[in-house]
1. How would you classify segment B:456-526 from its alpha-carbon gyration tensor, with a ≥ b ≥ c the square roots of the eigenvalues: rounded for a/c under 1.5, else prolate if a/b is greater than b/c, otherwise oblate?
2. Of the peptides B:583-589, B:330-336, how do they stack up when ordered by the mean number of other Cβ atoms within 10 Å, highest first?
3. Magnitude of the Cβ-charge dipole of segment A:4-80, K/R +1 and D/E -1, about the Cα centre, nearest 20 debye?
4. Please compute, for peptide B:271-281, the average count of beta-carbon atoms on other protein chains lying within 10 Å of each residue's beta-carbon.
5. What does the highest-first list of B:21-31, B:126-136 look like by mean Cβ count within 10 Å?
6. Starting with the fewest neighbours, write out B:Tyr237, B:Tyr530 ranked by other beta-carbon atoms found within 10 Å of each beta-carbon.
7. Can you list the lysines whose alpha carbon sits under 24 Å from that of B:Lys509, skipping same-chain ones fewer than 8 residues off?
8. Taking the Cα centre of the protein assembly as shown as origin and charging only Cβ (+1 Lys, Arg; -1 Asp, Glu), how large is the dipole, in debye to the nearest 20?
Amino acid sequence: MSDRTSSNAYWQANLRIIYICIAIWALVSYGFAILLRPLLAGIPIGGTDLGFWFAQQGSILTFIVLIFFYAWRMNRLDAEYGVDE
Amino acid sequence: MTQFTLNLIVIGLSFALYIGIAIWARAGSTAEFYAANRGVGPVTNGMATAADWMSAASFISMAGLIAFTGYDNSTYLMGWTGGYVLLALLLAPYLRKFGKFTVPEFIGDRFYSRSARIIGVVCLLIISITYVIGQMTGVGVTFSRYLEVSNSTGLWIGAALVFMYAVLGGMKGITYTQVAQYIVLITAYTIPAVFISLQLTGNFLPQLGLFSTHDASGMAFLAKLDDLVTDLGFRSYTGHHNSTLDMVLFTLALMIGTAGLPHVIIRFFTVPKVSDARKSAGWALVFIALLYTVAPAVGSMARFNLTATMWPGAQTGDTFSQPAVSLEAIETAPELQWMRNWQVTGLLAWEDKNGDGLIQYYNDRVEPTGELAQVIQDQGLVGNELTTVNNDIMVLANPEIANLPGWVIAIVAAGGLAAALSTAAGLLLAISGAVSHDLIKGTLAPNISERTELLVARISMAFSILVATLLGLNPPGFAAQTVALAFGLAASSIFPVLMMGIFVKRINKHGAIWGMIAGMATTIIYIFVYKGWFFIAGTNMLPDTPDAWLFGISPASFGVIGALINFIVAFLVSNMTEETPAEVQELVESIRVPRGAGAAVLH
């Protein structure tokens, strides 16, 4: 951490990435799998609908992608701000 | 070779492997004992975390929970995986940067308060001890089922094994045995799943088989299952039947509860760098997802197999196109040997109530309609004749139902033991760390040397194993209910205090302490009001039914509300009291950036 401003800018950038990831996290689980399931009922998938697939498969797969995306994006951010290890 | 000999060989081999690792990975310092010297790679740690996290409940019970409820219990799948996103984004990297050994230690330093640390220890002990009882009972049950020894003998064998690698190796020994245990448990879970998916759908990936065509009938598998269970008066498998609000809250409670479980959090203290902590959470979820995406396939396919065994017509055509399975077939047919095996354990039971020589399985708790009503009238049914079907049978009897060879059954036995033992070891480490590092070194005897602390850590580990074993031998009657308590407490006390400690500098010690107390107290009281005070039957003040719950929120979901109360109280109290001291604000600044984590802070 060289100075306050850069560490603040780093922290703000980190928070923005977290907000985006959390929004997607909530969308696939609480959204697609539960609350928005009736809206997705028209999209059939293997004897049921897309909402069911998100509830039992899709949300979990999205969670994995989200964590690796966050890890990759933060590594870049750390390097940009010179706070990497 | 008999099944017993096979079980003995496979379980014996897996135990020899764990003991070998225990001898190889002895701990020589407190850094090794508490955090494996921070030398565990992110993939290895991910695998160990997966075994640490997936308990006997995940391995044995979860597929059954989904099998008999269907879509509504997807909450478990999402809740127990989504927590890792929160861990990776909100907690793990910062706590790794902090660079100490236990969760209460962070709470104590960040909130510059010994009281806060002690409250953290109390939460940790309640959560981890309630959790470990279930694991130890699981070890006893699995042993007695597969090795024909008594429950208590099995429990002592399991305890002796955990003693070897946990007391000798601490976190280091536990980490590498957990890696081995993960491999055993995932193999055990996947093999029967692949076979059962091949048999029913011709698709060898269970995750795809679940959404493909049921070969024998030509229908989509899930549509076929829906037809079958609704024909018999059960609720449809893919339909949404329970309260939407409670489903959302329960999923959220499981997610933030998962992120707040101390034995999972401390696994992220073992990696070398902050960036490894982020990546490692991703790997943990990959390894967990290998089981969690297979579980719904195992559950639905095992339910189909079981139900179609009872109504053979359903295999290829309509549910009632052939008569129900006969009592004679159940008692003599070689392919139904598994029913007789599991009858002995009490997990499966039947009774020919109307004496027609057939065993009719249906839902007799609802008013029958359509074809079922006709069948009940024609065949003079007086009630469901498959009187007991335990959830756990969906995984345990799966290899036998699918007619798989004996060595698969033996691997499933070793897998169940691996799941229970790996979680027990992780919990015991969290417990003994809190006792030796937070209570003794941190509070009672701060001046002891590192060598003495290592000895104290080993003694508290041995003591924790003894307590857990004794509790496992005589599990309190409320053992099954305490899972709600463990998750509720982790969600309402530990997760919020850690998150605020990292993200909100303004939260001071008063805010943290009162927030934890308020969150924890409301959650415990809410659970006790519906489940009985200290889970003593009959002392509940309100009936435990959806109508009586506050806004329809079940006691198991209340951790979310407790967390919300924790946040609100912490903000209000902090704003009314002093500013957080400058040096603590500096600490928060420093944990927010990764640089400098390599230099592990030793007190």
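Since every read-out is calculated from the coordinates, none of them should be taken as a lab result. All figures in this text were calculated on a predicted structure; none of them were measured in a lab. Here the Cβ is made from the backbone with ideal geometry for all residues, glycine too, and neighbour counts use every protein chain on show.
1. Numbers: a/c = 3.35, a/b = 1.62, b/c = 2.06.
Because a/c hits 1.5 or more and a/b fails to exceed b/c, segment B:456-526 counts as oblate.
2. Details: B:583-589: 14.4, B:330-336: 12.6.
So the peptides B:583-589, B:330-336, ranked by packing, come out B:583-589, B:330-336.
3. Working: 5 positive and 3 negative charges, 37 e Å.
The dipole of segment A:4-80 has a size of about 180 debye.
4. On the way: counts 0, 1, 2, 6, 7, 2, 1, 8, 7, 2, 6.
Neighbouring Cβ atoms belonging to other protein chains average 4 per residue here.
5. Working: B:21-31: 18.1, B:126-136: 24.5.
Per-residue mean Cβ counts within 10 Å order the peptides as B:126-136, B:21-31.
6. On the way: B:Tyr237 28, B:Tyr530 20.
Exposure proxy ranking, most exposed first: B:Tyr530, B:Tyr237.
7. List returned: B:Lys97, B:Lys100, B:Lys441.
8. On the way: 34 positive and 42 negative charges, 552 e Å.
I would put it at about 2640 debye.
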